[in-house]
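The values are calculated or read from the model by the stated rules, or taken from the named source; none is laboratory data. For clarity, every value in this text was computed on a predicted model and none was experimentally measured. For neighbour counting, all protein chains shown are included, and Cβ atoms are generated from backbone atoms with ideal geometry for every residue, glycine included. Side chains included, ligands, DNA and RNA excluded: accessible areas come from the protein's heavy atoms. Shrake-Rupley method; radii C 1.70, N 1.55, O 1.52, S 1.80 Å.
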Amino acid sequence: FEICGEAVDGQDAVEQARQLSPELIVMDVSMPRLNGLEATRAIRQFLPHADILILSQHDSPEMMRQALNAGARGYVIKSSISAELIDSIVKVRCGQLAFDPAASPGHTNIDVQEILQRNQAFEKALRDSEERFRLTFEQAAVGMAHVGESGEWLRVNQKLCEIVGYKQKEL
């Protein structure tokens with residue numbers, strides 16, 4: 001697998017899908033600005049043949065049905081990622097549907113909108129935390145960088161650029 005992009009929210013996922021035209025999209029159902037189901041519907045309009053696999057913390061069969069109705073071809077519960085994600089990706093890429101068997105049949109009357117709304121407070125807290133981190137990273141009085149496992153520079157702050165004498169794009 002080659003990861004060609006990452007999105008910060010549902011709207012960004014739609015924009016990235018439009019630009020990158022990936023063969024497979026792994027989409028979190030709980031995202032700010034546009035949830036994963038809405039983003040999947042939007043992506044289906046311009047990438048009808050892309051495989052979309054939804055990740056969710058919800059083990060509700062109704063939520064899985066909503067994902068299928070939105071155009072997803074797979075659904076993996078986050079607690080099952082280590083056991084189910086790769087197999088689900090392979091199934092979806094082979095043209096099969098892949099829906100997590102860990103879904104509990106006892107949750108058939110759950111309102112999807114209620115589930116999505118419950119996540120709004122968590123999503124806001126996460127966005128606030130990410131913004132604080134970004135500001136701290138960018139405004140730090142010391143040079144800071146994120147470096148990938150193979151040693152490539154992923155992100156650097158302006159102070160590090162000043163220290164080493166290179167521009168961000170160069171690093």
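Checking the stated criteria, residue 110 turns out to be of a type in the set (Val, Ile, Thr) and either modelled with pLDDT under 85 or surrounded by 14 or more Cβ atoms within 10 Å (Cβ to Cβ) (or both).
Counting residues in region 85-96 that are open to solvent by less than 70 Å² (accessible area, probe 1.4 Å) and charged (D, E, K, R) gives zero. When residues in region 144-171 are screened for being without any contact (Cβ under 8 Å) to a residue 12 or more places away in the chain and more than 17 Å from residue 134 (Cβ to Cβ), 11 of them pass. Being modelled with pLDDT under 90 and touching a Leu at 6+ places or on another chain (Cβ under 8 Å) is the filter here, so list the residues in region 82-102 that pass it. Hits for region 82-102 are 97, 98, 99.
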